[in-house]
Every structure is written in structure tokens, then in C-alpha cells.
Amino acid sequence: MSWPYVDYDTDLWMKIPDAWEGTPWKGPKKWGRYMSEAWWGDSDLEPTRKDLKALAATLEECAQRFPQSHPGLDVYLHLPDPRVMPLPVYVGAFEADGDREETLRELVSTDDPDLVEKPVVEDFTTELLGTGLRSLRYTQTEEDRTIVAGVRYAWRVEEAGCDVVIIVAAPDPRRVLGAMDDLDAFAGRIGVRA
């Protein structure tokens, strides 16, 4: 089975390493510091030492926590501004199985029991993956009834024998909705080598 690759815009996105061995960083802490300095350095903003440390700590936490949410999927962080909370975006592939339409609807979670309303599901076409589905959905946590906004994309890539999925969710609907154009552009840069 093939795995998706993303030709992402490095001004908006960063990828959390799948493993630390073979990277220039010894772990999440060193990676967080490096990426914080790089992100602030590429911005037009003048960070304080506190700003650098805050983003480094946030990125370290993201690198430790986010991969556990969807094990086995690649994790990208949307960070258009070093002052905002990074938005995690998960990308992965599964062996194609079952009816295409039914599987794609399942991957975009149209029947999730935690949905607060029926999701908005639309066809979504990219040059590299063809036509799939995109859903915009709202769920509510059981613990404190927080509204979580989510976007999911799914495609079947017949020639590669896999289904590609993108999962985005955050307890800040404005953050997710504000990133929709960037998310759609990111999705358009995903391909699979057969």
C-alpha cells in the first residue's frame, strides 16, 4: 500500500517528526526550540524571550501529545502566525476496502454519535487525488460539553489501493473555520505514489 506525501507550504505548515532518530533534534524539546526560533525569525514580528519560550513550549507539547490522538498518521501543524495556537492536521492512508462511497462517508464521520448537528458533506476534488468528500462537523465533548469543530477529507485512490484521509479538529471553531482556505490548499497538495 502507498502512503500519502504532502508538498506543503513551509510558511504556513510544519511536520512533527515521526521519530527523532535521524533528525537534527534529540526530541520534542530541542525540536520545539528550533522551530520556535525559525518561526519567529521568518515573521515580521519582534519576539521577546518570553515569546520564544512560549512557542517552544507549545510546540514541544504538540509533538508529545498530538501523535497519540491518531497513532500511525502523520501530524502537520498549521501555524500562520507564531502568536496563535497551532492547529493539528492528521494525514494517513488505509487499505482500500468495501464500497467506495460508504467507506468515504465513514471516513469523514457522517454518523458520529457525538455530532451536535448533521455535518455538511460535499464533494471535494483535487488534481492529485481526484474527487473525494469533505465534511465540516461539530461535536460536543462529554466531560465539559465543549464544542469541537472538525473538518475531514477522504479519497479513494484506486491505482494505489488505498483510501487517503485528513482529520482536523479543535475546541476553537473560529480557529478551524479561519483555516479553511489553507486546509483546502493543503489538501490539494497531497498525492500518493502508486
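What follows is calculated from the coordinates using simple rules that are stated; it is not laboratory data. Computed from a prediction, not measured in an experiment: that's the story for all the values here. Cβ: placed from backbone, ideal geometry, glycine included. Neighbour counts: every protein chain shown.
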#### Entry: Radius 12 Å from Cβ of M35, net charge of other residues (Lys, Arg +1; Asp, Glu -1)
+1
### Message
I'd like the orientation of helix 28-42 relative to the chain: the angle between its Cα long axis and the longest Cα principal axis, in ° from 0 to 90, rounded to 10.
### Response
80
### Query
GNM, the chain, Cα, under 10 Å: largest mean-square fluctuation among K53, K118, K26?
K26
### Task
Can you tell me the FRET efficiency between S2 and R49 if r is taken as the Cβ-Cβ distance and R0 is 35 Å, rounded to the nearest 0.05?
0.20
### Query
Mind checking which aspartates and glutamates have their C-alpha under 18 Å from K26, skipping anything on the same chain fewer than 8 residues away?
D18, E37, E60, E61
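Does segment 14-74 come out rounded, prolate or oblate by the C-alpha gyration tensor, with a ≥ b ≥ c the root eigenvalues, rounded set by a/c under 1.5 and, if not, prolate when a/b is larger than b/c and oblate if not? Write down the numbers at each step before the final one.
Details: a/c = 2.23, a/b = 1.88, b/c = 1.19.
Verdict is prolate for segment 14-74.
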### Query
List the lysines whose alpha-carbon lies under 30 Å from that of K30, not counting same-chain residues fewer than 8 positions away?
K15, K50, K53
### Query
Pick from R174, R145, R33: which is most flexible by mean-square fluctuation in a GNM of the chain where alpha carbon atoms under 10 Å apart are linked?
R145
### Task
Work out, in µm²/s and without decimals, the Stokes-Einstein translational diffusion coefficient of segment 90-192 at 37 °C, 0.692 mPa s, Rh from Kirkwood over C-alpha pairs.
235
### Message
Suppose each label sits 7 Å from its Cα in the direction of the beta carbon; what would the Q64-V84 distance come out to in nanometres?
### Response
2.6
## Note on the structure
GNM of the chain, Cα pairs under 10 angstrom: of Y90, Y153, Y34, the biggest fluctuation goes to Y34
### Query
Which aspartates and glutamates have a Cα less than 17 Å from the Cα of K118, not counting those fewer than 8 places away in the same chain?
E102, E106
### Task
Pull out the extension gain between K29 and F94, defined as 0.36 nm times the separation in residues minus the alpha carbon to alpha carbon distance; nm, one decimal.
20.3 nm
### Task
Using label points projected 7 Å from each Cα along Cα→Cβ, tell me how many nm separate E143 and K118, to one decimal.
3.2
### Task
Starting from the alpha-carbon convex hull of the chain, give the projected area averaged over all orientations, in nm².
11.8
